[in-house]
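This report concerns only the one structure given below.
Quick note: the coordinates plus some simple rules give every number you see, no bench work behind them. Keep in mind that what you see is a predicted model, and the values were worked out from it rather than measured. Here the Cβ is made from the backbone with ideal geometry for all residues, glycine too, and neighbour counts use every protein chain on show.
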Amino acid sequence: MRYIIVADIHSNLEAFTAVLQAAKAGGEISEIWCLGDIVGYGPDPQSCLHLLRQYPHICVAGNHDMAAIGEIDTSDFNVAAALATNWTAQHLLTEDKQYLASLPMIKEVGNFTLVHGSPREPIWEYVLSPMEAQASLSYFHTDYCLIGHSHVPALFQFEDGCCSQSQLPATLRLGKNRFMLNPGGVGQPRDHDPKASFVVYDSDSNSLKHYRVEYDISATQEKMLRLGLPHSLADRLSHGL
Ligand code: ZN
C-alpha cells in the first residue's frame, strides 16, 4: 500500500496537482494522509478540497481550516493571513464548511498519529526543535507521529530518552526508534526551496520517501493577484518562504 503524506496544501491547486501526479507516477495511491491546512493563503480553496475528497483519505484539521469556518479567530494571524482567511471564508460552499467542521484534531492510523501542530497542542504548536518534539512525546501513543504547520520538512528521532533533529532523508526505513516527521509544505514551502514537498509511506517496503516537485508557481501567483489576495503571499511562493 502507498500512502501519500501531505501537509499545508493552502489552496494551492497547481502544487497539489503536481504532487498527486508525481505520486501517481510511482504507483497507485492507496490513500492520502493530509495533515491539515488544506485552505488559507492561496486562490483555490474549493478545488483543493474537492481534489482531496476524490481520493480515499484521512485528514486532520489545521488552524487555517478552523479559522476559515470561524471556529477560531484570526487575532493571532498576521495581517496578510487574516485577509486571506476572510477571503477564503467567502469562497467556500456550505458543503466545504461542513467538511472542514467534521475534521478531527488528531487521528491514529495503524502505528502513526496524524496531527497538524503537535500532539500536545494539535492546532497551534510549531515543532521546530528537539525540545518541542520531546515535550509532545507523552501525548501520542503510536510509534510514529506525522505533523505539519511549520511548512519545513524535518525529522525528530527519539532514542534512549533523547531527541535528535535532522533533515528529512530521501529514504527513511521504519525501525525501533520513535519519531515525529514533518513532510514539508505542499502549497507554501518555507525552507527556502519553492518546490512542493511531500512524503510517500510504502507499507510493503516499510519505508518513507521524501519528494520535492516543481509546479507552475507563476500560474498560482497570477490567480492570487487577480483575485485580490495579498501580494506578499504570492511573492513568498517564489522564494519558498
Ligand atoms: Zn499552514
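Among residues other than THR17 with Cβ under 11 Å from its Cβ, the summed charge is -2 (Lys and Arg +1, Asp and Glu -1). Over all directions, the projected convex hull of the C-alpha atoms in the stretch 1-73 averages 4.5 nm² in area. Run the Debye formula on the Cα coordinates of the stretch 154-241, all scatterers equal and no solvent, and tell me log10 I(q)/I(0) at q = 0.11 1/Å. Rounded to two decimals, the profile gives -0.42. Helical content alone sets the calculated 222 nm signal of the chain at -9000 deg cm²/dmol, taking -39,500 (n - 2.57) per DSSP H segment of four or more residues and averaging over every residue.
Per-residue Cβ neighbour counts within 10 Å put LEU241, LEU35, LEU93, LEU83 in the sequence LEU93, LEU241, LEU83, LEU35, beginning with the fewest.
How large is the convex hull of the C-alpha atoms of the chain per residue, in Å³?
So the per-residue Cα hull volume is 108 Å³.
Going by Cα centres, the stretch 50-96 and the stretch 105-129 are how many Å apart? Distance between centres, Cα-based: 18 Å. Length gained on full extension, HIS231 to SER138: 29.4 nm, using 0.36 nm per residue less the C-alpha separation. Between the stretch 1-27 and the stretch 155-207, the alpha-carbon centres lie 16 Å apart. Restricting attention to the chain, lysine pairs at least eight places apart or on different chains and with alpha-carbon atoms under 27 angstrom apart total 11.
Distance between the 7 Å Cα→Cβ label points at LYS24 and GLN90: 3.4 nm. Listed values for the stretch 201-215 are Karplus-derived 3J(HN,Hα) couplings in whole Hz (6.51 cos²θ - 1.76 cosθ + 1.60, θ = phi - 60°), namely 9, 9, 6, 6, 8, 6, 9, 10, 10, 9, 10, 10, 10, 6, 9, and x replaces Gly and Pro. With contacts taken as Cα pairs under 8 Å and at least 6 residues apart, the chain reaches a relative contact order of 23 percent. Going from the fewest other Cβ atoms within 10 Å to the most, the residues CYS162, CYS48 appear in the order CYS162, CYS48. Residue exposure proxy: HIS151, HIS192, ordered by other Cβ atoms within 10 angstrom of their Cβ from fewest to most, comes out as HIS192, HIS151. For the stretch 71-85, 3J(HN,Hα) computed residue by residue from phi via the Karplus equation (6.51, -1.76, 1.60; θ = phi - 60°) reads 7, 10, 8, 9, 5, 8, 7, 6, 4, 5, 5, 5, 4, 5, 5 Hz, glycine and proline entered as x. Using a Förster distance of 30 Å, how high is the FRET efficiency between CYS162 and LEU241, based on the Cβ-Cβ distance and rounded to 0.05? Efficiency, from the Cβ-Cβ distance: 0.45.
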